[in-house]
Number of protein chains: 2
Amino acid sequence: MATARDLPHPEPEDLRLTQVLFALSDPARLSIVQGLVHGPQEVAACQPAGGDLPKSTLSHHIKTLREAGVIRSTPHGRQRLLELRRGDLDARFPGLLTAVLTTPDAATPDAAAPDAAAPGDVAP
Amino acid sequence: MATARDLPHPEPEDLRLTQVLFALSDPARLSIVQGLVHGPQEVAACQPAGGDLPKSTLSHHIKTLREAGVIRSTPHGRQRLLELRRGDLDARFPGLLTAVLTTPDAATPDAAAPDAAAPGDVAP
């Protein structure tokens, strides 16, 4: 039975490629996803590399990722546990998550830096 | 020598994963990219599947794709020729373009429909 603590998640068949790509297109969200590659994490442990976001911003990013079907958020004591929906994403979009997570870029600060650079400028 | 007709394009080493993902995260832009898979096209031939966009909207999408390094735009008579920067993208982000273009979703109208659906609703 659904409770107030259960948040809505899209069914696997309802995942949309463009929505997943958008969810992954932000450096902070990409960093959050990278943090979940080796297993679920509590929200508090999901701050993106490179700096602590305000709680409201982190919550917004988590909501975007959840609504796109990239992560699942389940109650875990007083916290919430976030988990990468790897199986669902691999089934719907084969190779996508692997490509996004294993690009040589993925471990560099550039991937997690605020995406404020002007187009065409030299990456740090 | 650069002329007024040459538009700026990011160097391969300056491509940013999050910017590429953002460029691909729009159904119209994804459709434009799909149209370039088999070779370059003139701008006029690049209208996304599903409906004619106003010229200004199409230009905006093309600019977003160009600035992200997804496509190259070169003068071609009075027109411009658009080409997918497949080599650069494959070198920087191995497997990404293949995953995005060959997902079972890619050929469905859903991928090209305006991304106006509410999160979680059932895909058509």
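Each value in this text was obtained by applying a stated rule to the coordinates, not by laboratory testing. Just so we're clear, the structure is a prediction, and the values are computed from it rather than from any experiment. Glycine also receives a Cβ, built like all others from the backbone with ideal geometry; neighbour counts cover every protein chain displayed.
Data overview
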item	result
Other-copy label distances relative to A:ALA44, 7 angstrom Cα-Cβ extension, nm	6.3
Calculated from backbone phi, Karplus (6.51, -1.76, 1.60) coupling profile of the stretch B:19-30 in Hz, x at Gly/Pro	6, 5, 4, 4, 4, 7, 7, 10, x, 5, 5, 4
Label point distance in nm, B:GLU13-B:THR98, each placed 7 Å from Cα along Cα→Cβ	2.6
Extended-chain gain in nm, criterion 0.36 nm per residue less alpha-carbon gap, A:LYS63 and A:ASP6	19.2 nm
Shortest-first nm distances, B:THR98 label point to equivalent points in other copies (7 Å, Cα→Cβ)	0.8
For the stretch B:15-101, radius of gyration divided by Kirkwood radius, i.e. Rg to Rh on alpha-carbons	0.94
Gained length - A:GLN79 relative to A:ALA44, 0.36 nm times residue gap less alpha-carbon distance	11.8 nm
Nonlocal amide H pairs with A:ILE71, under 5 Å, H built at 1.01 Å	A:ARG66, A:ARG85
Pseudo-label separations to other copies for B:LEU7 - Cα-to-Cβ vector, 7 Å, nm	3.8
